[in-house]
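Visitor: Pasting a structure here, questions to come.
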């Protein structure tokens, strides 16, 4: 019995002494950044796609053996830009689809920018309030059509969050394919 225990102890000790802890640490950091990035793609106050992009850079700097290629960085950069374009355009497109005027769309944009400073509720309420206010003040619409276009802004923002999550998952898939396969 003691021989079995001794051999099991030696095998366990050899496993942990032979383990490349630096590799394990880098991969743990990278995976944590990727997970927070995915969560941040739907949670308003976390810069999700940007964290996924940073995970690629950090992983490349700390673990050159499984570094990203130039094409991997290009694809992650395109995903990052696309996610921010989706962020800014989705609310305005939803408002436009529900009958907003140019003033209403401008209000959605300005409300979205101002709303970024009042996280997390400002990202939802900012475009909504901006769209209604600009429709009422500048486009001289009545309350019901102004509210309808603001509702479209809110709906467009929700669709934008779903699209941003899809882009973030594509960025994570690109990272793993480039770091492990290509």
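Computed from the coordinates by the stated procedures, all read-outs in this text should not be read as laboratory data. Bear in mind that the values here come from a model prediction, so they are computed numbers and not experimental data. We place every Cβ from the backbone using ideal geometry, glycine too, and count neighbours over all the protein chains shown.
Visitor: Roughly how tilted is helix 102-115, in degrees to the nearest 10 and between 0 and 90, from the longest Cα axis of the chain?
Guide: With rounding to tens, the tilt is 40 degrees.
Visitor: Okay, next question. GNM on the chain, C-alpha springs below 10 Å: top fluctuator among 27, 103, 71?
Guide: Residue with maximal mean-square fluctuation among 27, 103, 71: 71.
Visitor: Roughly what would the spin-label model give for residue 3 and residue 138, points 7 Å off Cα along C-beta, in nm?
Guide: My value for the distance between the label points is 8.7 nm.
Visitor: Okay, moving on. Below 8 Å between Cα atoms, with a sequence gap of 6+, how large is the relative contact order for segment 2-181 in percent? Write out the running numbers ahead of the final one.
Guide: Values: 262 pairs, mean separation 44.2, N = 180.
Computed over segment 2-181, the figure is 25 percent.
Visitor: If you don't mind, there's one more thing I want to ask. First measure r as the distance between the Cβ atoms of residue 151 and residue 39, then evaluate 1/(1 + (r/R0)^6) with R0 = 22 Å and state the FRET efficiency to the nearest 0.05.
Guide: 0.25
Visitor: How compact is the chain by the rule of thumb for globular proteins, expressed as Cα Rg over 2.2 N^0.38 Å?
Guide: Scaled against compact globular proteins, the figure is 1.48.
Visitor: Can you tell me the orientation of helix 48-62 relative to the chain, as the angle in degrees between its alpha-carbon axis and the longest Cα principal axis, to the nearest 10?
Guide: So the inclination is approximately 30 degrees.
Visitor: Next question, about the same structure. For the residue pair residue 11 and residue 50, what label-to-label distance in nm results when each label sits 7 Å from Cα along the Cα-to-beta-carbon direction?
Guide: Result: 4.9 nm between the two label points.
Visitor: Decide, for segment 25-78, between rounded, prolate and oblate: order the square roots of the alpha carbon gyration tensor eigenvalues as a ≥ b ≥ c, take rounded if a/c falls under 1.5, and otherwise choose prolate if a/b is larger than b/c, else oblate.
Guide: Oblate, because a/c is 1.5 or more while a/b does not exceed b/c.
Visitor: Please give the helix 2-18 orientation as an angle from the longest Cα principal axis of the chain, in degrees from 0 to 90, rounded to the nearest 10.
Guide: The answer is roughly 50 degrees.
Visitor: With springs only between Cα atoms under 10 Å, which of 28, 101, 149 fluctuates most in a Gaussian network model of the chain?
Guide: Answer for the Gaussian network model of the chain: 28.
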